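The values are calculated or read from the model by the stated rules, or taken from the named source; none is laboratory data. What you are looking at is a predicted structure, and each value in this text was computed from that prediction instead of being measured. For neighbour counting, all protein chains shown are included, and Cβ atoms are generated from backbone atoms with ideal geometry for every residue, glycine included.
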Amino acid sequence: MFTILRNEPLTAAVWRMTLAGDTGAITAPGQFVNLKLGGFFLRRPISVCDWDEHTLTIIYKVVGQGTAAMAAMRPGAVLDVLTGLGNGYDLRPAGARPLLIGGGVGVPPLYGLAKRLHDCRPVAVLGFNTADEVFGRREFETLGVQTIVCTADGSVGVQGFVTDALPEDASYFYACGPEPMLRAVWDKTDIDGQLSFESRMGCGFGACMGCSCQTKYGAKRICRDGPVLTKGEILW
């Protein structure tokens with residue numbers, strides 16, 4: 001059980017929630033939590049943005065009734081949360097100049113990753129549709145991470161998609177975002193990397209097999225074997 005400490009809007013549709021509770025099960029950036037909401041049958045899987053020994057932060061977009069209910073919650077409310085779900089990013093292959101590629105609400109887990117990448121010079125490329133949707137830039141820059149913002153309409157930063165602003169000297173990449181963005185990154189990059197996938201989930205811990213996908217090594221469950229998969233194992 002977690003208690004809401006803060007729940008605040010970052011943009012018109014994107015919110016940041018900070019929760020207090022036992023975070024001992026979270027072991028890697030890129031993992032997710034599964035929230036039980038009153039009045040809804042299925043839990044809501046949300047990636048972990050950041051965590052410490054006693055708190056965790058999630059960033060979510062209001063896209064339906066469940067996330068709208070989350071946005072209406074106030075500090076002091078208690079949530080039933082399954083934590084430490086999924087396999088997160090492996091930091092070991094990062095190299096000297098890892099590339100962090102995020103699209104929309106795929107940006108948050110890359111912040112937790114950036115905080116834990118040491119002895120290297122990461123570059124973050126963050127993609128949004130328009131300037132009104134941009135969030136997270138200041139947080140990455142505060143970490144000392146070179147940050148490139150792209151917007152599809154050119155209202156801020158580089159006009160275009162994240163694949164239009166990828167530096168050529170990257171050693172490795174970590175990506176999270178909508179599947180078309182992940183496919184484009186997979187096609188455009190000549191280096192190895194890891195991609196975090198979104199999927200509709202039933203249980204969130206591998207029992208129902210509802211989020212299975214095919215890889216070069218057979219069927220894998222996004223919730224249990226992912227959400228992070230390596231570039232080399234992905235089948236499109």
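Can you work out which of the residues in the stretch 63-102 that are part of a strand (DSSP E or B) and either polar (S, T, N, Q) or closer than 25 Å to ASP119 by Cα (or both) is nearest to the chain's Cα centre (by Cα)? Let's see the steps before the verdict.
Step one: list which residues in the stretch 63-102 are part of a strand (DSSP E or B), which gives 78-85, 87, 98-102.
Then drop every residue that is not either polar (S, T, N, Q) or closer than 25 Å to ASP119 by Cα (or both), which leaves 83, 87, 98-102.
Values: THR83: 15, ASN87: 12, PRO98: 16, LEU99: 14, LEU100: 11, ILE101: 10, GLY102: 8 Å.
The qualifying residue nearest to the chain's Cα centre (by Cα) is GLY102.
When you check GLY204 against the structure, is it in contact (Cβ under 8 Å) with a residue 60 or more places away in the chain, of a type in the set (Gly, Ala, Ser) and not assigned by TED's automatic domain parsing to the domain that holds VAL105, yes or no? Yes, satisfied.
Within the stretch 45-62, which residues are part of a loop (DSSP other than H, G, I, E, B) and either touching a helix residue (DSSP H, G or I) at 6+ places or on another chain (Cβ under 9 Å) or closer than 22 Å to ARG200 by Cβ (or both)? Walk me through how you get there before you give the answer.
Residues of the stretch 45-62 that are part of a loop (DSSP other than H, G, I, E, B), as a first pass: 52-54, 62.
Correct list: VAL62 only.
The number of residues in the stretch 1-44 being surrounded by fewer than 18 Cβ atoms within 10 Å (Cβ to Cβ), among the β-branched types (Val, Ile, Thr) and in a loop (DSSP other than H, G, I, E, B) comes to 2. Of everything in the stretch 55-64 that's surrounded by fewer than 21 Cβ atoms within 10 Å (Cβ to Cβ) and in contact with a strand residue (DSSP E or B) (Cβ under 6 Å, 6 or more places away or on another chain), which residue is farthest from ALA12 (Cα to Cα)? Among residues in the stretch 55-64 that are surrounded by fewer than 21 Cβ atoms within 10 Å (Cβ to Cβ) and in contact with a strand residue (DSSP E or B) (Cβ under 6 Å, 6 or more places away or on another chain), the one farthest from ALA12 (Cα to Cα) is THR55.
The set of residues in the stretch 18-64 that are within 17 Å of GLY136 (Cα to Cα) and touching an Asp or Glu at 6+ places or on another chain (Cβ under 8 Å) comprises LEU56, THR57.
Restricting attention to the stretch 179-197, which residues are closer than 17 Å to TYR111 by Cα and in contact (Cβ under 8 Å) with a residue 60 or more places away in the chain? Don't jump to the end; show me each part of the working.
Taking the stretch 179-197 as the starting set, the residues that turn out to be closer than 17 Å to TYR111 by Cα are 193-197.
Passing the criteria: GLY193, GLN194, SER196.
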